Amino acid sequence: MLVTNHVLTGALVGLAAPGPVSAFVGGVVSHFALDAVPHWGDRPLEEVMPIAVTDGLTGLAAITVVWRRTPSSHRVRVLAGMAGASVPDLDKPSRVFFGASPFPRAVDDFHARIQTRESSARMPQEILVGLGSALLVGLVQRRLGRSRR
Ligand SMILES: [Zn+2]
């Protein structure tokens, strides 16, 4: 699953969570739940790299936009949800830049084992999940902003 989609679903978890700890844990759980769903992937690394870089930058932009649009009363938990939902994929840039994953082997094995249903034909699904999640985040933020007036 694209990290941008993990970020946006982590924002939804953060918006629903009662606090930052539950938001972070819920974000991590959402990451593995989404990775277990059939999604885009199963391409050679040299083909994935340009998409991964674009996705990483889009994910960072999404974090910034979501954080700025979230009412201050919910910012810490939303940030915690986005962080929890993104952290499991730090193994990818860590392998590229440092040659190793920062996680224990059991975590990496579990992460790889649940992603067996990847397909290069599922990019449209990724884009739909991203747009739908962004729309939901925007609607919840709008409602939160309205209820504070
Ligand atoms: Zn993952």
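Helices in the chain, meaning DSSP H runs of at least 4 residues, each add -39500 (n - 2.57). Divided by all residues, the mean residue ellipticity at 222 nm is -24500 deg cm²/dmol. For the range 12-18, the Karplus equation 6.51 cos²θ - 1.76 cosθ + 1.60, evaluated at θ = phi - 60°, returns couplings of 4, 4, x, 5, 8, 6, x Hz by residue, with Gly and Pro reported as x. Residue by residue, the range 40-56 carries 3J(HN,Hα) couplings of 5, x, 6, 10, x, 3, 5, 7, 6, 3, x, 5, 5, 5, 4, 5, x Hz when phi is fed to the Karplus relation 6.51 cos²θ - 1.76 cosθ + 1.60 (θ = phi - 60°); x denotes Gly or Pro. Picking from Ser120, Ser133, Ser22, which is most flexible by a Gaussian network model of the chain using Cα springs under 10 Å? Between Ser120, Ser133, Ser22, it is Ser120 that shows the largest mean-square fluctuation. State whether the range 15-55 is rounded, prolate or oblate according to the following rule on the C-alpha gyration tensor (a ≥ b ≥ c being the square roots of its eigenvalues): a/c under 1.5 gives rounded; otherwise a/b larger than b/c gives prolate, and the remaining case gives oblate. Prolate, since a/c reaches 1.5 and a/b exceeds b/c.
Rounding to the nearest 10 and keeping the result within 0 to 90°, find how far the Cα-based axis of helix 20-36 lies from the longest principal axis of the chain. Taking Cα atoms only, the helix is inclined about 40 degrees. For the range 86-132 and the range 1-56, what is the separation of their C-alpha centers, rounded to whole Å? Their Cα centres are 8 Å away from one another. Under the shape rule built on the C-alpha gyration tensor, where the axes satisfy a ≥ b ≥ c, the chain is prolate, since a/c reaches at least 1.5 and a/b is greater than b/c.
Annotation: Val65 carries an accessible surface of approximately 80 Å², with a 1.4 Å probe and no ligand, DNA or RNA atoms counted. Per residue, the chain exposes 57 Å² of accessible surface when a 1.4 Å probe is rolled over the protein heavy atoms with every protein chain present. Against the chain, whose longest principal axis comes from its Cα atoms, helix 75-86 is set at around 10 degrees. In the complete set of protein chains, residue-level accessible area for Met49 is approximately 70 Å², probe 1.4 angstrom.
The values are calculated or read from the model by the stated rules, or taken from the named source; none is laboratory data. Everything quoted here is computed from the prediction, not taken from an experiment. Side chains included, ligands, DNA and RNA excluded: accessible areas come from the protein's heavy atoms. Shrake-Rupley method; radii C 1.70, N 1.55, O 1.52, S 1.80 Å.
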